[in-house]
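Read the structure below first, then the notes.
The values are calculated or read from the model by the stated rules, or taken from the named source; none is laboratory data. Because the structure is predicted, anything quoted here is derived from the model rather than measured. Here the Cβ is made from the backbone with ideal geometry for all residues, glycine too, and neighbour counts use every protein chain on show. The protein model used for the area step is the full one, side chains on, heavy atoms only, and it has no ligands, DNA or RNA in it. Shrake-Rupley method; radii C 1.70, N 1.55, O 1.52, S 1.80 Å.
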Amino acid sequence: MIGLVSESLKNLLEGQMTPATKVTLLSPADASSQQKRINLFLYRVVPNAHLNNRDLQPKPGALNQLVFPPLALNLFYLMTPFAQLDPDAGQVTGHALMGEAMRVLYENPIVPQAALEPGLKQGQVKVTLHAADTEELTKLWTSLEKELRLSAVYEVAFVDIPAKRERPVPRRVVK
């Protein structure tokens, strides 16, 4: 499921950015691709505190079995533009890429069905700009052993990972 969400975000950005821009899902420390692109790097996965308190549900088609609720997760992505440095204007191309990618995510806070990978449901992938301060970003880039560069953090809430665990419905007391 997590991979499907990453691919769906990639589909959304590649499908709606103008001009068309390559989107990668690499570590920002990977400099093998020097092309102009937007990179989405999944760097943090946390449980969704509100949705992980759901009760067991009856299994569809088998009322004598209960299924455990899915594991609900929030995903954090680091979005970074990569572009050639202009000798006069510096990072202006990267700044333009970042602005365009942010526009697309702002206009699509819920990833539309057309961009979703098979297996995900409409309304399931919600994207929000996360207010990451310079200290948080510096720590992240330092852990990657790279210099701080223009980037934004997006939180995707929520991703349900279906549980496979079941248990029988407890027998009722009759006397």
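Which FRET efficiency value, to the nearest 0.05, is calculated for Gln91 and Gln57 with the Förster distance at 45 angstrom and r the Cβ-Cβ distance?
Efficiency, rounded to the nearest 0.05: 0.35.
Region 44-119: Rg/Rh from Cα coordinates, Kirkwood Rh?
That ratio equals 1.23.
So what are the three principal axis dimensions of the chain from its Cα atoms, in whole Å, longest to shortest?
86, 34, 26
Kindly point out which whole DSSP H helices in the chain project their C-alpha atoms 18 angstrom or further along the helix axis while averaging a Kyte-Doolittle hydropathy of -1.0 or above.
TM-like helix candidates: 2-16, 92-107.
Within 15 Å, Cβ to Cβ, of Thr138, how many net charges do the neighbouring residues add up to if Lys/Arg are +1 and Asp/Glu are -1?
Net local charge, Thr138 excluded: -2.
Can you send over the carbon and sulfur percentage of the accessible area for region 78-175, probe radius 1.4 Å, protein chains only?
Using a 1.4 Å probe with all protein chains present, region 78-175 comes out at 56 percent carbon and sulfur.
Quick one: accessible area per residue over the chain, 1.4 Å probe, rounded to a whole number of Å²?
With all protein chains present, the chain gives 60 Å² per residue.
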